[in-house]
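The values are calculated or read from the model by the stated rules, or taken from the named source; none is laboratory data. In this text the structure is predicted, and so the values were computed from the model without any measurement. Here the Cβ positions follow ideal geometry from the backbone for every residue, glycine too, while neighbour counts run over all protein chains shown. The area values use the complete protein model at the heavy-atom level, side chains included, leaving out ligands, DNA and RNA. Shrake-Rupley method; radii C 1.70, N 1.55, O 1.52, S 1.80 Å.
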Amino acid sequence: MADQIFKAETKLQQGLAVHCEARGMSFTLDEPPELGGTDTGMNPVEALLSALGACKCIVARAFAKPNKIKLHNVNIVVEGVLDPDGFMGANPEAKIGFSEVKTTYHFEADNTKEELEAFVQFIETHCPVQDTLSNPATYISEIA
């Protein structure tokens, strides 16, 4: 299959709120008041964690049957450790992005713990969002 191009467009609205759109669907990202926003949506790092969890849920559903997982449902909680002093410039020693990301799987499945552990390894190695975060893409920036 040939490479596909995925595209999202973002536009700054009032304050720190950002309108995000892809394929005719949209949502708003913002920051909480303590970071200068108006709290009209989750912030970008929360959206990133959500995208990671959602991608893992989709991989789990899409590949359960071929992996002999009798999956009824899965709930995934993704937590990231971030020091806001890094991106705000208050601490030049602090990492700007997440220093740790933890995924906790809650399966409803008719499988053994060992089978689910093997399936988690499959999910972790087949999730496009996790792969992008673990093995960064080449980034190109330009001014139009």
**Asked** Where does helix 113-126 land angle-wise versus the long Cα axis of the chain, in degrees 0 to 90, nearest 10?
**Response** 40
**Request:** Just the number, please: carbon plus sulfur as a percent of the accessible area of the stretch 1-127, 1.4 Å probe, no ligands or DNA/RNA counted.
**Result:** 55
**Item:** Accessible area per residue, Å², the chain with all protein chains present, probe 1.4 Å
**Value:** 75
**Request:** For the chain, build the charge dipole from Cβ charges (+1 Lys, Arg; -1 Asp, Glu) around the Cα centre, then report which of N91, G80, A22 sits farthest towards its positive end.
**Result:** A22
**Message:** On a full-extension model of 0.36 nm per residue, what is the gain between T125 and I143, subtracting their alpha-carbon distance, rounded to one decimal in nm?
**Reply:** 3.0 nm
**Message:** Modelling each spin label as a point 7 Å along the Cα-to-Cβ direction, I'd like the K65/T112 distance in nm, to one decimal.
**Reply:** 2.5
**Request:** For the chain, calculate the relative contact order in percent as a whole number, restricting contacts to Cα pairs under 8 Å that are 6 or more residues apart.
**Result:** 15
**Request:** Provide the FRET efficiency to the nearest 0.05 for the N75-M25 pair, computing r from the beta carbons and using R0 = 25 Å.
**Result:** 0.60
